[in-house]
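These notes concern the structure reproduced below.
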Amino acid sequence: MQFRPPGPSGLGILSMLLEFQRDPLKGLMNLVNRYGDVLSYRCGPFSFVLINHPDLVQRVLVEQHGNYGKNSPSYRMLSWF
């Protein structure tokens, strides 16, 4: 069984997306306050993990960067912005 961090599901995801559209920073802070520094959610066929703590971000982006490729649907989607 694979560990999955807590996060919004069902209608909570729709609410989260609407809040992000209105005020992305406030939406992010509400998610972190509710679920902690690491959370996950699904949006359609995509699964996301949001990491908010600076030490964890460094671990992913610097120390373990080889584990994460740029040839993924979510990376391509984010590159549109």
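The values are calculated or read from the model by the stated rules, or taken from the named source; none is laboratory data. None of the values given here were measured: they were computed from a predicted structure. Positions of Cβ are backbone-derived with ideal geometry, glycine not excepted, and every protein chain shown enters the neighbour counts. Keep in mind that these areas ignore ligands, DNA and RNA; they rest on the heavy atoms of the full protein, side chains included. Shrake-Rupley method; radii C 1.70, N 1.55, O 1.52, S 1.80 Å.
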If I go through the stretch 1-32 residue by residue, how many of them are open to solvent by 50 Å² or more (accessible area, probe 1.4 Å) and either in contact with a helix residue (DSSP H, G or I) (Cβ under 7 Å, 6 or more places away or on another chain) or not in a loop (DSSP other than H, G, I, E, B) (or both)? 14
Where the second residue is of a type in the set (K, R) and the first is within 17 Å of L78 (Cα to Cα) and lies in the stretch 47-64, which pairs have Cβ atoms under 8 Å and are six or more apart or on separate chains? F48/R42
Candidate set: the stretch 33-81, residues that are in contact with a Gly (Cβ under 6 Å, 6 or more places away or on another chain) and among the aromatic types (F, W, Y); chosen: the one least open to solvent (accessible area, probe 1.4 Å): Y41
Considering only residues that are of a type in the set (A, V, I, L, M, F, W, C) and assigned to a helix (DSSP H, G or I), look in the stretch 33-81 and name the one that is farthest from L11 (Cα to Cα). V62
